[in-house]
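What follows is a short report on a single structure.
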Amino acid sequence: MNTFQDLGLNDDLLRAITDMGFETPSEVQDKAIPLLLESETDLVALAQTGTGKTAAFGFPMLQKIDISSRTTQGLILSPTRELCLQITNEIKAYGKYCKGLNVVAIYGGSSIQDQARDVKRGAQIIVATPGRMKDMISRRMVDISKITYSVLDEADEMLNMGFKEDITEILSHTPSDKNTWLFSATMPKEVATIAKKFMDNPKEITVGNKNEGSTQVSHEYYLVNSRDRYQALKRLADANPDIFSVIFCRTKRDTQKVAEQLIEDGYNAGALHGDLSQNQRDLVMKSFRNKQIQMLVATDVAARGIDVDDITHVINYQLPDEIETYNHRSGRTGRAGKTGISMVIVSKSEVRKIKSIERIIKKDFIKKEIPDGMEICEVQLMSLANKIHSTEINPEIDKHLDSINTLFENTSKDELIQKFFSVEFSRFFNYYQKSKDLNVAENSRDRESREHVSNDNAARFFINVGTRDGFDWMKLKDFLKEVLELGRDDVFKVDVKESFSFFNTEKEIKDKVLAFFTDYKHDGRFVNVEETENKGGGSRGGNRSRGGGGGRRDRKDNGFRGDKRSKSGGEGRRRSSDSDSKPRRSSSSSYSSDRKSDSSSSSRPRRSRR
Ligand code: ADP
Ligand code: MG
C-alpha cells in the first residue's frame, strides 16, 4: 500500500496531511492523485461518499496551480451551499502551508458583493454552486477565462438538481484546453453524457463496485401502515437512546413537518432543507456537529455529502424517488471505519422497492419489527442505569448528602433504586403502556378490500385541479397518495373533470386531507380541497361550477416558510393518532436523558454527549 509520500505530493502538502492525521491514502486518492499529478488529463472518478474524494482532487489541484499568481486557475463546482463550504474549508486545510493561497467560496444566500470582493483579492481557487457562479459571471464579478483545472464534484447530484444548463453555461466561459475532473458517486446516463460532452478522452477510475454501498452499514426495513410512519419513527428513536441520526424525507415540506413534530414532542431535532435561509442552515449544521441536535431531518439535496462523523443511524422516513439516492443516504453513516445502521420505514405499496435497492447495493436488508412499548421502556431503563453506573461522582454533592440521607432514612437501597428509576421509567411507561403494535405482516391482505368500503364511511372531496392541469384519474390518485402519504387503496372514486375533480377517502382521514391542503401549492398555485356532499355513487357532481375552475384563492402567501417558523404554529397539524401525549420528562427530573430536553429552554444545562 502506498503512503502519501509515494504519491508524489510536495512537502507543504505532506505537512498538512500529517497535521490532519491522515495516515494512508484512501483508494480513490491512491488512484487519482498520482494520475492527476503526472499527466494533464480529464478524469471521471466514481467513488462512494465518504471515500475522500475532496482530497483526491484537492491535493493535485493545490500542487499544480501557481500560487504566486493571483489569477483564478481552479474552479470546483458543487451542488449545495453546505458542500461548497465544506470543500472550501477542506481545501484551505490542505493548503494551510501554501503561502499566499486564497480559496473563495461562492454560493447563494450570502452577500454577492462580499464574495466578489474576496475573488478580486486574487483567488487561485474558487469553489462554487452553479447558480451563484452563473450569476457572478453574468455580472462580470469573476473571471474564469484562465482556468486550468475544473472539478465537477457530486456530478450526479448536480444533474439531478437540474444544474445541467448552468454548468454548460459556466464551462463555456472557461478555456477549452483546461482539464476537467468529474467526481460522482453514481454513473447515471446523464453523467455519462456530460462526460462525453465536456471531456476529452477522460481517464476513468472506479473505486469499489459501481454503486456498491459501504460494507460498514447494515440495512434494515420496517413495514408499517403509511399513517403510522411518524409513530414508527419515534419508536425507533426511543429504542435507540443514543441515536445520532439523519432522517431523510422526500420533500422540503415533509422535512419541516417531521422536524417540527419531533421538536414539539421533545426530541432534539432540527430541519435542513433548501427553504431555510443560509443562516438557519448554518445554525442547524453547527448544532448537529456539536451533537446538540440528535436527529437531523433533511432533504437529500441539503444533506448531500455532508460529512459528520459518528452518525449512528440513517433513517429513511420515506424512500427516495430515485433508488440510487439510497446509497447517498446510507453513506452518511458507517464512515471512517465505524459501523452504522440504515433503517427504512416502508409501507406495503413500497416494499417491492426494497428488492430493487438490494440489487443495487448488493446487500440484503433485514426485516425488523418496530419495537413494542415495553421493549422501549426496558431499553430506556437500562440505558439510564448504564449512564448512572458510569457517571463520575461530583464531590459537590457531598455538601447536600446529609439532608438527602435524612430524607431517605427509612428507605431501603432497593426501594431507593426503584424510586429513582421510576422517575424516568414512568414517563416512558405511561406513554407506551397502551401503545399498539405498529407492524404490518408482509403477506397480510388487510387493505385489500378498501375499494369496497361503503359510501357511509367515505368522505368525498372537491379539488380544484383537473385534466387541464395534466391530471387523469390515475395521476391524481398517485399525486394524492404521495402528498398525503396514503396507502394503495386509500384514495378511491377519483373522478377528474377539466378544471376540477372529486375523490373519496375514508372518513377517518378527512381532517388530515383538509388540513394538508390549507396552504398547499402545486405548480405555483394554491390547491383547494373542500368536502362535498356528493358521495361519488350514481350521478357525480360534474356540474359543480367553480368560478372558472382555476379556483386560485386570493390569499396572501403565508404558506410554508413563514408559517412553519412560528414555534407555536401547531394548529391542527398533529394528526389525531399522534395526539397521545409524548413521553415528556417531568420537569423535576434533572438528570435529563439528553434526548428529551425542552427545545425552548436553551439555557437548560445540557449534557455533553459522547
Ligand atoms: P467524499 O467527498 O468522498 O464524500 P470527503 O472528501 O468528504 O469524502 O472525505 C470524508 C472524510 O474523510 C473527511 O472528513 C476527510 O477529512 C476524511 N479523509 C479523507 N481522506 C482521508 C485519509 N486518507 N485518511 C483519513 N481521513 C481522510
Ligand atoms: Mg465530497
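Every read-out reported here was derived from the displayed coordinates using simple, explicitly stated rules and does not represent laboratory data. Quick caveat: nothing in here was measured; it's all calculated off a predicted structure. Because the Cβ atoms are built from the backbone with ideal geometry, glycine has one as well, and the counts that use them run over all protein chains shown.
Quick notes on this structure:
- Taking label positions 7 Å along the Cα-Cβ direction at both Glu530 and Gln280, the computed distance is 3.1 nm, reported to one decimal.
- Pairwise Cα inverse-distance average, inverted: Kirkwood Rh of the stretch 146-282 (Å): 18.8
- Across the stretch 31-110, Cα-Cα pairs farther apart than 21 Å form 30% of the total.
- Spread of Cα-to-Cα distances over 5 Å intervals beginning at zero, given as percent, for the stretch 284-442: 1, 7, 11, 13, 14, 13, 13, 9, 6, 5, 4, 2, 1
- Simple label model, 7 Å out from Cα along Cβ direction - Ser111 to Thr71, nm: 3.0
- Footprinting exposure proxy ranking of Asp495, Asp19, Asp523, fewest other C-beta atoms within 10 angstrom first, gives Asp523, Asp19, Asp495.
- Taken over the stretch 286-407, lysine pairs spaced eight or more positions apart, or on distinct chains, with alpha carbons under 15 Å apart number 7.
- Compared with the rule-of-thumb size 2.2 N^0.38 Å for a compact globular protein, the stretch 270-354 has a Cα radius of gyration ratio of 1.12.
- Comparing the stretch 70-155 with the 2.2 N^0.38 Å rule of thumb, its C-alpha radius of gyration ratio is 0.98 (two decimals).
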